[in-house]
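Undergrad: Have a look at the structure that comes next, please.
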Amino acid sequence: MTETYKKNSISLPGAVAMGTGVMIGAGIFALTGQIAELAGPLFPLSFVAGAIVTAFSAYTYIKMSNAFPSAGGIGVILKKAYGRTTVAAGAALLMTLSMVIAESLVARTFGTYTIRAFGGDPNSSLVPVIGVVLIILAYLVNVAGSRSVGLLSIIMAVMKVGGIALFGMAGLWASGFTFSATDGDTRATGFVASVALSILAFKGFTTITNSGAEITNPHRNVGQAIVLSIVICVIVYLLVAFSVGSSLPLDQIIAAKDYALAEAARPALGQTGFYLTIMLALVATASGLIASVFAVTRMLAMLTEMKMIPHRHFGMPGGVKDHTLIYTVVIAGFLTVFFDLSRIASLGAFFYLVMDIIIHVGVYRNLCREIDARGWVLLTAIALDAVVLIAFTVLKWQSDPLIVLIGVMGMALIFVFVGVFLARNPVREDLHDHQ
């Protein structure tokens, strides 16, 4: 890897593939069962609600990316909104960590589906081991550079979007278009809280934002790629959610929440469908992880170059991006080993929603007129994020207060860490313009 960002190295289809690759990898295979556990029989509609909230949020990112396309993506948005401050640096790290958390979520999902292919226990200690192996593979692919990532993303995205859509349609056809997952109650708080996880299933669109400097014609294509990725994913998610709900009752979906799609394929499509679904899961999660590592590495490198976070070489050869790639896979590997899927998803939701609110507030207060944005859209995005975050926090405090405490303490430590760093390392703003 070199220190130069290669302009025009990612086409519009490549950017769409990158976004859908991250979203579908985490969203449909890792989160469907967890969303059903919170939302009850209405869990397919949680994906619709998540898409609506994401659409309001995406408006801010599209407007900012059209005005200031950058390889730093969200880091640049935050710096434009807040300057080189603790708020900007802390929120940027929250975003970065939420993406790394998503990588560990995808890695564990890959491990779970691999174990299920051989009839093993999804709680086996081999699950995190397999997940770490996938993370190492993602590292090796990313070492090859952005063109390799873009080409691989396109190939794998076409395979998995087409395959998963066929799975959804085949499952609905086999079940006679009857919805079986009706045996449960839907609580308003549970449904709203489930939207926090649905949002995670769409947050991969930020991968496109973080690669803005390398996308062809970024002032136009970044926004188009985001919109297309969200539209493609919501269609695929609905097909699959209704297919799962048509094949299994709700209690079985919840019992198999870490591998719900594989279990739903067996009654609907037989043993062959079961193995084909597992293969799709492995392709989807692998490509999603590769695309996410690509984006996180560049975001960390840009934050380093903007002097918003510290950097240490630790005696390693190469440049900043080589080092941030290693940091990314090491942290993702650690989370994969020590956290289960439910807690990984919860921590990612906390970090992402808080960061998202901070971005909207900053853009609304300081950049709304400059980027010609509609203020009411930004305010709506803030309100929707806040409602979902409160509901999710309340529900998690009742069921797993430890993960709430870990989330709060983690965010506090992040802001203290960057605050101390910035106070000790003042830098003239005019020396670091990375639009």
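Just so it is clear, none of the values below were taken in a lab; they were calculated from the coordinates. Because the structure is a prediction, the values reported are computed rather than measured. Reconstructed Cβ throughout: ideal geometry from the backbone, glycine too, with neighbour counts over all protein chains shown.
Undergrad: Using the Karplus curve 6.51 cos²θ - 1.76 cosθ + 1.60 with θ = phi - 60°, what ³J(HN,Hα) values do you get for each residue of region 248-254, in whole Hz, with x for Gly and Pro?
TA: 10, x, 4, 5, 6, 4, 5
Undergrad: To test your reading of the geometry: what angle, between 0 and 90 degrees and rounded to tens, separates the Cα axis of helix 188-200 from the longest principal axis of the chain?
TA: Here the helix axis deviates by roughly 60 degrees.
Undergrad: Can you give the net charge of the other residues whose Cβ lies under 14 Å from the Cβ of LEU282, counting K and R as +1 and D and E as -1?
TA: Details: positive: ARG108, ARG116, LYS160; negative: none.
Counting the neighbours of LEU282, the net charge comes to +3.
Undergrad: OK, next. Lysine pairs, Cα distance under 18 Å, 8 or more residues apart or cross-chain: how many in the chain?
TA: Total qualifying Lys-Lys pairs in the chain comes to 9.
Undergrad: Here's a follow-up. Just want the answer: with Cβ charges of +1 for Lys and Arg and -1 for Asp and Glu, which residue in SER46, TYR275, ILE115 is farthest toward the dipole's positive end in the chain?
TA: Towards the positive end, the residue furthest out is SER46.
Undergrad: Here's another thing I want to ask about it. Listing PHE242, PHE205 from the residue with the fewest other Cβ atoms within 10 Å to the one with the most, what is the order?
TA: PHE242, PHE205
Undergrad: Over the alpha carbons of region 200-287, what is the largest minus smallest coordinate on each principal axis, giving the biggest first in Å?
TA: Principal extents (Cα only, largest first): 47, 21, 18 Å.
Undergrad: Starting from the Kirkwood radius over alpha-carbon pairs of region 12-425, derive D by Stokes-Einstein at 20 °C in a medium of 1.002 mPa s and give it in µm² s⁻¹. Please list the in-between numbers first.
TA: Numbers: Rh = 20.9 Å.
It diffuses with D of about 102 µm²/s by this estimate.
Undergrad: Per-residue HN-Hα couplings for region 91-99, Karplus 6.51 cos²θ - 1.76 cosθ + 1.60 at θ = phi - 60°, whole Hz, x for Gly and Pro?
TA: 5, 5, 5, 4, 4, 4, 5, 5, 6
Undergrad: Got a sec? Charge dipole of the chain, +1 on Cβ for Lys and Arg, -1 for Asp and Glu; which of ALA92, LEU367, LEU137 is way out at the positive end?
TA: Of the candidates, LEU367 comes out farthest on the positive side.
Undergrad: Still on this structure: Please rank SER194, SER124, SER342, fewest neighbouring Cβ atoms within 10 Å first, as an exposure proxy. Can you show the working numbers first?
TA: Numbers: SER194 30, SER124 13, SER342 19.
In order of increasing Cβ crowding within 10 Å: SER124, SER342, SER194.
Undergrad: Taking only Cα atoms, what is the 0 to 90° angle, nearest 10, from helix 146-174's long axis to the longest principal axis of the chain?
TA: Tilt of helix 146-174: around 30 degrees.
Undergrad: Another question, if that's okay. What residue among MET299, LEU402, ALA170 has its Cα farthest toward the positive end of the dipole of the chain, where the charges are +1 on Lys, Arg and -1 on Asp, Glu, each on the Cβ?
TA: Looking along the dipole axis, the top candidate is MET299.
Undergrad: What are the ³J(HN,Hα) couplings of region 49-54, residue after residue, when phi is run through the Karplus curve with 6.51, -1.76, 1.60 and θ = phi - 60°? Round to Hz, x for glycine and proline.
TA: 4, x, 5, 5, 4, 5
Undergrad: On a 0 to 90° scale, report how tilted helix 260-305 is relative to the longest principal axis of the chain, with both axes built from alpha carbons and the result rounded to the nearest 10.
TA: The answer is roughly 10 degrees.
Undergrad: Highest mean first, what order results for 38-50, 280-292, 367-379 on Cβ atoms within 10 Å?
TA: On the way: 38-50: 23.2, 280-292: 28.1, 367-379: 14.5.
The packing order, highest mean first, is 280-292, 38-50, 367-379.
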